[in-house]
Amino acid sequence: MTISDSSTLAEEHELLMREVATRAAALLKETDEGRFPQPELQELLNYLHLEVLRQAANEQWLLFRSDHHDPVALARLRRDQLDLRLAIDTLSEAAATAAGGAPTLTADQLAAITRDLTTQIECYFADGEALLAAAGAAAPATALLGARPHEWYDATEGPVIDLDSLHGARRIDAVMARLLRLLPSERIELRSTVNDPSPIWQRLVRVDPGGYGIVYLERGPGAWRVELTRRPDGWTPHPLA
């Protein structure tokens, strides 16, 4: 399967809002039933941090690089981005305290903040599009200017990464970013029917020597499968017998 990229900023926003809404709906389903949605909250936060805030930073750059950008409008966009970060930080704090057994927010409070945040993101994107249009910018998708496509998120965040579905110069960076975020003892599988994934895990070994266990489950030709496991903190190899 090939993952297509958005070509305009509006399409990029539509994709992001659809993904945020899906994760928010899963969270709200739990709160509506009186449960604190810890896994759903963490999944929403992962997407907000890795995709939405990255988009916000890229849009600031888009506006700044336009020939007729308005400094006042740019300052307002930066202020709105700060407000967005503060709202996300509130959710992050709620997730952290809930993981420790003492949530600072009730399920109802969390639901209200999530609904408000979804509206805030939608307004932020709409304002960004309007500011870029006023500046005379064509407003292409940030992926066309070198940013990592948002379509890659689901392809890299699961337990299996299909390398054949990722194309372009940023694909190895996207896979590396996911591998470096693995939790201790978490594992992930790289698959390809085209090339041996060895350049990826070799780069990983250079970045974090000894930090990962690497096992080939299948070694071509025609199919490669490599399992990588993040070793626990403090792991040391057993001495040879």
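The values are calculated or read from the model by the stated rules, or taken from the named source; none is laboratory data. Quick caveat: nothing in here was measured; it's all calculated off a predicted structure. Here the Cβ is made from the backbone with ideal geometry for all residues, glycine too, and neighbour counts use every protein chain on show.
Quick notes on this one:
- Looking across the stretch 105-125 at every residue that is aliphatic (A, V, I, L, M) and touching a residue at least 24 places away in the same chain (Cβ under 8 Å), the one that is surrounded by the most Cβ atoms within 10 Å (Cβ to Cβ) is identified as 110.
- All of 10, 102, 21 fail the test of being in contact (Cβ under 8 Å) with a residue 24 or more places away in the chain, more than 17 Å from residue 142 (Cα to Cα) and of a type in the set (Gly, Ala, Ser), apart from 21.
- A single member of 48, 77, 62 is assigned by TED's automatic domain parsing to the domain that holds residue 114 and either modelled with pLDDT of 95 or more or under 16 Å from residue 114 (Cβ atoms) (or both), and it is 48.
- Among the residues making up the stretch 6-60, those that are outside any helix (DSSP H, G or I) and surrounded by fewer than 19 Cβ atoms within 10 Å (Cβ to Cβ) are 7, 8, 33, 34, 35, 36.
- All told, residue 97 falls short of being in the same structural domain as residue 19 (by TED's automatic domain parsing), β-branched (Val, Ile, Thr) and within 19 Å of residue 24 (Cα to Cα).
- Of the set (1) closer than 28 Å to residue 128 by Cα; (2) in contact (Cβ under 8 Å) with a residue 24 or more places away in the chain, all apply to residue 32 but (1).
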